[in-house]
1. Identify all residues within region 57-79 that are of a type in the set (A, V, I, L, M) and either in a strand (DSSP E or B) or farther than 10 Å from VAL6 by Cα (or both); write none if there are none.
2. Scan region 1-23 residue by residue and report those that are within 16 Å of HIS90 (Cα to Cα) and without any contact (Cβ under 8 Å) to a residue 24 or more places away in the chain.
3. When only residues in region 57-66 that are of a type in the set (Gly, Ala, Ser) and closer than 17 Å to LYS89 by Cα count, which is surrounded by the most Cβ atoms within 10 Å (Cβ to Cβ)?
4. Hey, could you check region 1-28 for residues that are within 13 Å of CYS45 (Cβ to Cβ) and among the polar types (S, T, N, Q) and say which is surrounded by the most Cβ atoms within 10 Å (Cβ to Cβ)?
5. Conditions first: (1) under 10 Å from the mean Cα position of the chain (by Cα); (2) at pLDDT below 95. GLY59 passes all but one, so which condition is the exception?
6. Could we say that THR44 is of a type in the set (Ser, Thr, Tyr), touching a residue at least 12 places away in the same chain (Cβ under 8 Å), part of a strand (DSSP E or B) and touching a Pro at 6+ places or on another chain (Cβ under 8 Å) here?
Amino acid sequence: MNIPKVRDVKISKATEQQKADMGNWPIWTCGVSTFDWDYTQMETCLILQGKVTVKDRPGDGSVSFGAGDVVVFPEGLRCTWCVHEPVKKHYNFD
């Protein structure tokens, strides 16, 4: 089985249509912090505010994203979130 890494995270700039479609999804917020997270499902989110770097756990890969980005995290990803600026996001688990 191929274990996902942060290189498998998909990041793109949100289109106006995506913003409208995701606008009714639940909202999650988080202050500046560092924490481990394991994705048991695929997550798609729209970052409304903040800056984040996600790092492989274990490993040394990383990706960064912020306000205006759509981010898709693959199921099975084990990572560490480093929240540099408080985050507010819409999210959906598949």
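1. VAL63, ALA67, VAL70, VAL71, VAL72
2. THR15, GLU16, GLN17, ALA20, ASP21
3. GLY66
4. GLN18
5. For GLY59, the failing item is (1).
6. The answer is no for THR44.
One line per residue, one yes/no per condition, for (1) surrounded by fewer than 17 Cβ atoms within 10 Å (Cβ to Cβ); (2) in contact (Cβ under 8 Å) with a residue 60 or more places away in the chain; (3) polar (S, T, N, Q); (4) assigned to a strand (DSSP E or B):
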| site | (1), (2), (3), (4) |
| --- | --- |
| THR34 | yes, no, yes, yes |
| THR40 | yes, no, yes, no |
| GLY50 | no, no, no, yes |
| LYS55 | no, no, no, yes |
| TRP81 | yes, no, no, yes |
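The values are calculated or read from the model by the stated rules, or taken from the named source; none is laboratory data. If you're wondering where the values come from, they're calculated on a predicted model, not measured in any experiment. Reconstructed Cβ throughout: ideal geometry from the backbone, glycine too, with neighbour counts over all protein chains shown.
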